[in-house]
Amino acid sequence: MDISAAVVPKPAHRYRLPALLQDIRLLDLLEISGTTLEAGRVCGLSQPTVSRRSRLLADDFNLQVNRRRQLGCRYGTSTAMRLLRLGCRAHRFSAGVARLGADVILQPLLAGCSWLLQAPPRFRPLDGWLELVRQGVLDGALVSGLEFQGEEPPDAKELELLPLGAVSLDLAVSGRHPHSNGDQPEVLVPNRAVAEGLQRALLQRGFSLKTAGNACHTPAQWLARLQQAGLAMPFPQVAPADWWQPLTQLPQPAPISVPLWLVLPEGWRQQTVLAHTAEQLAYSPAQKYAPGA
C-alpha cells in the first residue's frame, strides 16, 4: 500500500478540546471505556461528575441508556448526537489528531503513534467496533481478522476495512509467576461472547481457558488477574518493550497468527491524520518495533 501523508501529525498531548465539545468527549469516553471510573480517569473528573454530566446529556438529547446492549452506543445516540460527534471528529482531524480503539491485546501496536488520543482499551464484538466508528465515537479501530465470520471482512456500510498484514501472538505471564519445565498456565480470555475467534485458536492449540468476565477490561485489571492466579494472556511478539515490563514472555512453538484490519470511515484518504496512521500501521510491526527502528 502506498499512502503519502504530506504532514506528520502533531503529538496528541498538544491537542486542546474547546469547552463547547468537552461533554461530548466525556460521553464518547464513557462509551469507549464502559465505566464512569475509567472515563473520569481519562478526563480528570470524579465519578459523580461523570455520572451527572452524562445524565444531563441523556436528558437534553433524549438518549436512551441501554446497559444490556452489546453493540453500538450503550449510553444512547440520536441523529443530533451523531452530528455533534461527527463535528468533534472534524475538529480532531483539523488539529491533526485522531482517536483509535483497540482491545487490550492489540492496543500495544498503537503505542508508537504519538498523534493518537487516549482511548481506553476494551474487548467488544466486531459489530460494536464498526458501530462506534460509524457513529463518530471513534475515528478508527484496530481489529482482529480472527473474529470475521469467514475469511473476508464484513460488508460494513459507511466504513472501509483496510488489511494491515498479520501479527503473531505468544503468551505472557506476570513476572511473579514464571512457568518453566513445559508447565503451561491457563490462558485468560474475555467474556465467552467476545473474541470467539481468538478463543477457538487457543483451544485448537490445546490451551485451557479462563474467562475474565464482565468486570475485567483495563490492562491494570488484566495484570492483576495474571498476578493473582498465575494465568497467561495472549500478547503480540512485537509489542514495545515497555509494555513487557511487568510480564514474562513464553514463546510458543506455534504462535497464533492474527490478521490485522483497520476500520476507517468512508473518505479517510482525504484526512491527513488517518492516511498517515494507515501508512504507519501498514508497515510490518516487526520492522516498526525492531531495535533501532
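The values are calculated or read from the model by the stated rules, or taken from the named source; none is laboratory data. All figures in this text were calculated on a predicted structure; none of them were measured in a lab. Glycine gets a Cβ as well: all are built from the backbone with ideal geometry, and neighbour counts include every protein chain shown.
Filter segment 15-27 down to residues that are part of a helix (DSSP H, G or I) and either of a type in the set (Ser, Thr, Tyr) or out of contact with any Lys or Arg (no Cβ under 7 Å at 6 or more places or on another chain) (or both) and give me whichever is farthest from Met81 (Cα to Cα). The qualifying residue farthest from Met81 (Cα to Cα) is Ala19. Looking across segment 242-275 at every residue that is modelled with pLDDT under 90 and assigned to a helix (DSSP H, G or I), the one that is nearest to Leu164 (Cα to Cα) is identified as Trp243. Per the listing Leu132, Leu159, Leu126, Leu138, the residue uniquely buried (at least 20 other Cβ atoms within 10 Å of the Cβ), farther than 24 Å from Gln249 by Cα and without any contact (Cβ under 8 Å) to a residue 40 or more places away in the chain is Leu126. A Cβ distance below 9 Å, combined with a sequence gap of six or more or placement on separate chains, defines the contacts here; from segment 249-272, residues that are not assigned by TED's automatic domain parsing to the domain that holds Ala156 and buried (at least 21 other Cβ atoms within 10 Å of the Cβ) reach no residue that is modelled with pLDDT under 95 and among the charged types (D, E, K, R).
Here Ala278 qualifies as within 18 Å of the chain's Cα centre (by Cα) and not in a strand (DSSP E or B). Only one entry in Ala201, Ala220 is buried (at least 17 other Cβ atoms within 10 Å of the Cβ) and of a type in the set (Gly, Ala, Ser), namely Ala201. Residues in segment 32-56 that are under 20 Å from the mean Cα position of the chain (by Cα) and at pLDDT 90 or above: Ile32 only.
Here Ala239, Ala293, Ala286 are screened, and the one residue that is more than 30 Å from Leu159 (Cβ to Cβ), of a type in the set (A, V, I, L, M, F, W, C), modelled with pLDDT under 90 and not in a strand (DSSP E or B) is Ala293. Taking the conditions (1) on the phi < 0 side of the Ramachandran plot; (2) out of contact with any Leu (no Cβ under 6 Å at 6 or more places or on another chain) in turn, Gly206 satisfies each one other than (1).
Restricting attention to segment 161-173, does a residue exist that is hydrophobic (A, V, I, L, M, F, W, C), assigned to a loop (DSSP other than H, G, I, E, B), closer than 28 Å to Thr35 by Cα and in the same structural domain as Arg205 (by TED's automatic domain parsing)? Checking segment 161-173: not a single residue is hydrophobic (A, V, I, L, M, F, W, C), assigned to a loop (DSSP other than H, G, I, E, B), closer than 28 Å to Thr35 by Cα and in the same structural domain as Arg205 (by TED's automatic domain parsing).
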